[in-house]
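The values are calculated or read from the model by the stated rules, or taken from the named source; none is laboratory data. Values in this document were obtained by computation on a predicted structure and should not be read as measured data. Backbone-built Cβ (ideal geometry, glycine too); neighbour counts: all protein chains shown.
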Amino acid sequence: MESMKQPQVKNFINGEFSRNGQNSMDVLSPLTGEIISNLPMSGMKELSEAVQAAKTAFTLWSSKTLKERIQVFFKYRSLLEENIDELSKLVQLENGKTYGESRAEVEKSIELCEFAVSMPQIITNEIQEVSRGVECRIERKPIGVVACITPFNFPNMVPHWTVPNAIVLGNTVIVKPSELVPLSVMRMAELLKEAGLPDGVFNVVNGGKEIVEAICDHEGIEAVSFVGSTHVAKIVYKRASSNLKRCVALGGAKNHLLVLPDAHVEMTANNVVASMSGCAGQRCMAAAVMVGVDKIQHIIDRMIIEARTIVPGENLGSVISKEAKERIEGYITEAEQQGAKILVDGRGATVPGKEGGFYVGPTIIDYVTTDMKVAKEEIFGPVISIIRAKDLDEAIQIENSSNYGNAAAVFTQNGGLAKRVMEKASAGMIGVNIGVPVPREPFSFGGWNESKFGVGDITGKSSIEFWTQNKKTTTKWNPEDKTNWMS
């Protein structure tokens with residue numbers, strides 16, 4: 001795919017694009033290292049304009065029925081399908097994924113819209129006669145203006161984790177995309193407007209740290225969702241919640257795959273390597289540590305063969321930036337210096353014709369010990385560390401010792417051993433013979449430990465709790481019935 005210059009990134013407030021902000025920042029394509037656009041670095045002034053627009057729009061939008069609100073997303077889903085090739089190429093250009101991975105991301109966004117339009121079948125108000133002639137009723141009501149801060153690794157999909165659900169449930173939304181990948185969200189704004197979403201219901205404010213802090217502080221925002229690194233997730237959660245907002249902040253991961261000697265060799269090797277290298281390892285469900293239990297050399301040998309079929313620029317995309325490439329390669333070098341063995345080395349990868357791009361090849365590191373940084377810290381690249389354990393109990397102990405808790409998986413043909421891992425692993429999402437155990441709708445995405453801060457979820461069926469509040473009504477119309485404490 002050829003790199004191409006894109007239009008200037010603009011904020012989208014009250015249905016209009018505007019170029020407002022004190023400074024600007026260049027946007028690079030990691031495929032080539034070339035500048036493809038630039039974006040405004042907005043602050044509290046621009047955010048306040050978006051909040052006011054969203055607050056004004058909320059009055060009318062929240063008064064519509066759920067059935068009325070979902071009609072926009074029926075149309076919008078069709079527009080995603082009609083424009084899937086263009087949207088996929090845009091993800092590829094700004095994020096560096098392969099075209100196939102980019103298209104799969106947009107297909108997931110379509111699936112997320114399908115879940116949002118199913119809300120009338122999921123949400124039914126509760127009603128019960130709680131005393132003679134007295135009824136209690138619970139209705140779900142939107143909470144108001146909400147903000148979604150999204151990461152660089154899924155510029156199309158992660159905004160769709162939150163925006164369709166939040167809007168269908170009656171809220172109005174402000175999105176702050178990663179400053180590294182602002183193009184997909186700008187196109188999202190255009191398509192939502194084309195689908196008939198009223199002005200002010202969906203707004204986009206671009207920028208960096210200043211705008212994130214402004215979102216956490218602004219008194220007109222009722223809830224904040226965040227997806228990104230654990231370091232920033234902690235800051236956002238503390239700051240937003242200290243300002244009395246609802247907040248769920250999803251952080252990083254260090255996912256452990258426990259491989260037992262009886263695992264199916266080909267399936268395991270394929271799954272582990274694909275989990276490690278898919279999306280260049282830049283996903284919080286990627287395999288990061290393989291814990292090999294007892295005699296698993298035959299599986300490692302097969303993994304080496306699989307890894308050598310993955311070629312940067314062909315079936316492996318770039319990492320997001322020059323800094324990311326240097327950081328990832330630094331982890332590999334440090335592990336080698338500490339005595340680990342590099343079985344497949346992805347350092348120094350280049351792609352002919354795209355020498356300025358940011359590429360790291362697939363990397364397998366063996367004989368890693370639990371005290372090494374590659375075993376403990378999130379690398380966010382196509383790198384897997386192999387730690388060897390004498391038995392399953394030790395393997396589970398190694399997994400449990402991680403500060404993170406997004407995902408864990410076990411590869412075995414023994415159901416009893418798989419169940420032990422399912423019960424004992426300290427992670428919110430578990431896989432059995434699956435390298436990337438992402439739950440699909442209506443099941444919610446979300447980890448444990450330092451992979452998530454806050455209560456509840458921002459995706460799936462349980463996100464309804466986060467994006468709405470309960471209104472309870474008690475009624476009595478029968479004066480002739482005996483009076484009791486409820487009446």
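Tally the residues that are out of contact with any Asp or Glu (no Cβ under 9 Å at 6 or more places or on another chain), without any contact (Cβ under 8 Å) to a residue 40 or more places away in the chain and under 23 Å from Leu112 (Cβ atoms), restricting the search to the stretch 445-485.
Of the residues in the stretch 445-485, 1 are out of contact with any Asp or Glu (no Cβ under 9 Å at 6 or more places or on another chain), without any contact (Cβ under 8 Å) to a residue 40 or more places away in the chain and under 23 Å from Leu112 (Cβ atoms).
Go through Val158, Val232 for me and flag whichever is crowded, with 21+ Cβ neighbours inside 10 Å and of a type in the set (Val, Ile, Thr).
Residue meeting the stated conditions: Val158.
Condition check ((1) polar (S, T, N, Q); (2) out of contact with any Asp or Glu (no Cβ under 9 Å at 6 or more places or on another chain)) across all residues:
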{"position": "Glu334", "(1), (2)": "no, yes"}
{"position": "Gln337", "(1), (2)": "yes, yes"}
{"position": "Gly353", "(1), (2)": "no, yes"}
{"position": "Lys373", "(1), (2)": "no, no"}
{"position": "Val383", "(1), (2)": "no, yes"}
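Name the pairs: first residue in the stretch 431-444 and surrounded by fewer than 19 Cβ atoms within 10 Å (Cβ to Cβ), second residue at pLDDT below 95 and not in a loop (DSSP other than H, G, I, E, B), Cβ to Cβ under 9 Å, at least 6 apart or on different chains?
Hits for this filter: Pro442/Ile122.
Among Val72, Val117, which is the only one that is of a type in the set (A, V, I, L, M), under 30 Å from Ile221 (Cβ atoms), touching a helix residue (DSSP H, G or I) at 6+ places or on another chain (Cβ under 7 Å) and in contact (Cβ under 8 Å) with a residue 12 or more places away in the chain? Spell out how you get there, then give the answer.
Details: Val72 fails: touching a helix residue (DSSP H, G or I) at 6+ places or on another chain (Cβ under 7 Å).
One residue alone meets the criteria, Val117.
Is it the case, given these coordinates, that Gly330 is more than 22 Å from Glu399 (Cα to Cα), out of contact with any helix residue (DSSP H, G or I) (no Cβ under 7 Å at 6 or more places or on another chain) and outside any helix (DSSP H, G or I)?
Spelling it out, it is not the case that Gly330 is more than 22 Å from Glu399 (Cα to Cα), out of contact with any helix residue (DSSP H, G or I) (no Cβ under 7 Å at 6 or more places or on another chain) and outside any helix (DSSP H, G or I).
For Gly207, work out the one condition from (1) on the phi > 0 side of the Ramachandran plot; (2) surrounded by fewer than 22 Cβ atoms within 10 Å (Cβ to Cβ) it doesn't fulfil.
Only one criterion in (1) on the phi > 0 side of the Ramachandran plot; (2) surrounded by fewer than 22 Cβ atoms within 10 Å (Cβ to Cβ) is unmet by Gly207, namely (2).
Quick check on my filter: what residues within the stretch 294-318 are among the β-branched types (Val, Ile, Thr), surrounded by fewer than 21 Cβ atoms within 10 Å (Cβ to Cβ) and either more than 25 Å from Gly96 (Cβ to Cβ) or touching a strand residue (DSSP E or B) at 6+ places or on another chain (Cβ under 9 Å) (or both)? Give the steps one after another, and end with the answer.
Of the residues in the stretch 294-318, the ones among the β-branched types (Val, Ile, Thr) are 296, 299-300, 304-305, 309-311.
Okay, now just the ones that are also surrounded by fewer than 21 Cβ atoms within 10 Å (Cβ to Cβ), so 300, 304-305, 309-311.
If the condition is that a residue be among the β-branched types (Val, Ile, Thr), surrounded by fewer than 21 Cβ atoms within 10 Å (Cβ to Cβ) and either more than 25 Å from Gly96 (Cβ to Cβ) or touching a strand residue (DSSP E or B) at 6+ places or on another chain (Cβ under 9 Å) (or both), then Ile300, Ile304, Ile305, Ile310 are the ones that fit.
I'm told Glu129 meets every condition in (1) farther than 30 Å from Glu326 by Cβ; (2) at pLDDT 95 or above except one. Can you identify the failing condition by its number?
That leaves (2) as the condition not met.
With the requirement that a residue be small (Gly, Ala, Ser) and over 14 Å from Ser321 (Cα atoms), what does the stretch 350-365 give you?
Result: Gly353, Gly361.
Quick one: is Lys141 in a helix (DSSP H, G or I) and over 22 Å from the mean Cα position of the chain (by Cα)?
no
Starting from the stretch 337-359, keep only residues that are on the phi > 0 side of the Ramachandran plot and in the same structural domain as Lys325 (by TED's automatic domain parsing), then list their pairs with residues that are of a type in the set (S, T, N, Q) and surrounded by fewer than 16 Cβ atoms within 10 Å (Cβ to Cβ) whose Cβ atoms are within a distance under 9 Å, requiring at least 6 positions of separation or different chains.
Gly339/Thr369
Would you call Lys325 farther than 15 Å from Ala280 by Cα, touching a Phe, Trp or Tyr at 6+ places or on another chain (Cβ under 6 Å) and not acidic (Asp, Glu)? Walk me through how you get there before you give the answer.
Details: farther than 15 Å from Ala280 by Cα: no; touching a Phe, Trp or Tyr at 6+ places or on another chain (Cβ under 6 Å): yes; not acidic (Asp, Glu): yes.
No, not satisfied.
At least 1 residues that are in contact with a helix residue (DSSP H, G or I) (Cβ under 9 Å, 6 or more places away or on another chain) and small (Gly, Ala, Ser) in each: list the strands (runs of 3 or more DSSP E) lying fully within the stretch 334-412 that qualify.
On the way: elements: 341-344, 363-366, 383-389, 407-411.
Those strands (runs of 3 or more DSSP E) span 383-389, 407-411.
Is it true that some residue in the stretch 214-228 is acidic (Asp, Glu), assigned to a helix (DSSP H, G or I), closer than 28 Å to Pro40 by Cβ and under 21 Å from the mean Cα position of the chain (by Cα)?
No, the stretch 214-228 contains no residue that is acidic (Asp, Glu), assigned to a helix (DSSP H, G or I), closer than 28 Å to Pro40 by Cβ and under 21 Å from the mean Cα position of the chain (by Cα).
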